[in-house]
Amino acid sequence: MNYQHILESIYDEIRPFEKEGKQADYIPALAKVNPDQFGICLTTIGGTSYKLGSAETRFSIQSISKVFSLAYALGILGDDIWRRVGKEPSGTAFNSLVQLEFEHGIPRNPFINAGALVVADILLEHLDNPEDDYLRFVREISGNPTIDYNIEVATSERESGYLNAAIANLLKYHKNINGDIEKVLGFYFKMCSVEMTCCDLSHAFLAFANHRKPFSFSSVNLTASQVKRINAIMQTCGFYDEAGEFSFLVGLPGKSGVGGGISAICPLRYSVTVWSPRLNKKGNSIMGIKALELLTTKTKESIF
Ligand code: GLU
């Protein structure tokens with residue numbers, strides 16, 4: 001398969017859409033990002049990478065971090081994690097309060113904010129140095145020891161994160177947060193603020209694409225079955241309340257973030273990350289979804 005040629009033809013086809021949508025601005029620090037950027041990196045199961053555009057530019061991974069935090073917490077708690085967070089698509093916005101109230105503080109899944117706040121609480125409970133331990137895992141899984149938090153983004157979100165604070169309070173009221181709310185929010189915002197490139201993320205997601213290889217890192221070890229289950233949750237819950245549409249158009253498990261990144265995997269074939277900050281109304285990258293739709297069409301490789 002000539003992936004490089006395919007990436008180039010995809011870029012030509014999506015350029016007419018490059019001014020559609022706008023970047024997230026509800027986090028003030030993200031509003032400063034130049035929206036006119038596009039990068040993509042695809043890494044095959046054999047480890048060869050193909051890239052195009054700003055594939056080596058760091059961006060805010062935001063909710064893509066929820067895949068790493070879920071992997072970490074699943075490695076610690078095993079199936080007990082499902083007592084505190086569900087695995088059903090939410091059908092509501094990623095930061096919705098309403099559903100959480102109806103369901104008495106058990107978030108629908110670990111990829112909406114409520115679920116990720118519970119996962120952050122679990123990590124705080126079990127890790128000696130959560131911020132260092134989490135960063136070490138992200139660096140190890142991506143093979144890049146220079147990856148770091150962006151303190152400006154984390155602080156900016158903390159100062160404006162009223163909705164996430166409301167979610168954390170509701171979770172605490174329902175006794176699904178054990179620790180201190182401020183600490184949980186601080187750690188959650190830190191994890192969202194991590195900056196990575198398309199190539200970093202593409203390397204990291206290879207561990208999810210290849211469940212035949214042991215998922216074994218110094219502090220996180222998962223069985224093949226656990227990896228496949230994380231992939232299943234990416235398929236059903238990875239794109240806010242647009243997971244069905246993404247599945248329909250693209251047909252790959254993946255996770256998006258409001259920084260404009262999307263990481264997706266084609267099990268046992270490749271992982272791919274695309275980044276472009278302009279988002280649609282559901283919070284997903286417009287160029288990103290179009291690029292991945294064309295990728296699975298042109299390669300004829302998807303899970304379906
Ligand atoms: N830090 C963002 C928030 O909590 C993450 C949102 C996202 O990427 O979905 O609002």
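The values are calculated or read from the model by the stated rules, or taken from the named source; none is laboratory data. Computed from a predicted structure; not experimentally measured. All Cβ positions, glycine included, derive from the backbone under ideal geometry; neighbour counts span all protein chains shown. For the accessible areas, the whole protein counts, side chains as well, though only heavy atoms, and no ligand, DNA or RNA atoms are used. Shrake-Rupley method; radii C 1.70, N 1.55, O 1.52, S 1.80 Å.
State the number of residues belonging to region 255-276 that are more than 16 Å from the ligand (Cβ to nearest atom), of a type outside the set (A, V, I, L, M, F, W, C) and surrounded by 24 or more Cβ atoms within 10 Å (Cβ to Cβ).
2
Just one of the listed residues (L252, L279) is within 15 Å of the ligand (Cβ to nearest atom) and either open to solvent by less than 30 Å² (accessible area, probe 1.4 Å) or under 24 Å from T48 (Cα atoms) (or both), namely L279.
For region 250-285, the set of residues classified as farther than 22 Å from A154 by Cβ, within 16 Å of the chain's Cα centre (by Cα) and of a type outside the set (K, R) consists of L252, P253, G254, A264, I265, C266, S271, V272, V274, S276, N284, listed by residue number.
In the set F187, F304, F239, F215, only one residue is touching a residue at least 40 places away in the same chain (Cβ under 8 Å), surrounded by 24 or more Cβ atoms within 10 Å (Cβ to Cβ) and among the aromatic types (F, W, Y); that residue is F239. For residues that are open to solvent by 90 Å² or more (accessible area, probe 1.4 Å) and assigned to a helix (DSSP H, G or I), scanning just region 144-182, find the one that is farthest from V33 (Cα to Cα). Per the stated criteria, the residue is Y173.
Scanning region 95-127 for residues that are among the polar types (S, T, N, Q) and part of a helix (DSSP H, G or I), we see that the one that is nearest to the chain's Cα centre (by Cα) is N113. Do we find a residue being open to solvent by 60 Å² or more (accessible area, probe 1.4 Å), within 15 Å of the ligand (Cβ to nearest atom), at pLDDT 95 or above and in a helix (DSSP H, G or I) anywhere in region 128-143? No: zero hits. Set side by side, the residues L30, L77 differ, and just one is of a type outside the set (V, I, T) and either away from the ligand (no atom under 16 Å from the Cβ) or part of a strand (DSSP E or B) (or both), which is L77. Apart from one condition, L7 fits all of (1) part of a helix (DSSP H, G or I); (2) of a type outside the set (D, E); (3) farther than 27 Å from E301 by Cα; the exception is (3).
Consider E195 carefully, then state whether it is in contact (Cβ under 8 Å) with a residue 12 or more places away in the chain, over 27 Å from R136 (Cα atoms), open to solvent by 10 Å² or more (accessible area, probe 1.4 Å) and within 16 Å of the ligand (Cβ to nearest atom). For E195, the condition - in contact (Cβ under 8 Å) with a residue 12 or more places away in the chain, over 27 Å from R136 (Cα atoms), open to solvent by 10 Å² or more (accessible area, probe 1.4 Å) and within 16 Å of the ligand (Cβ to nearest atom) - is not met.
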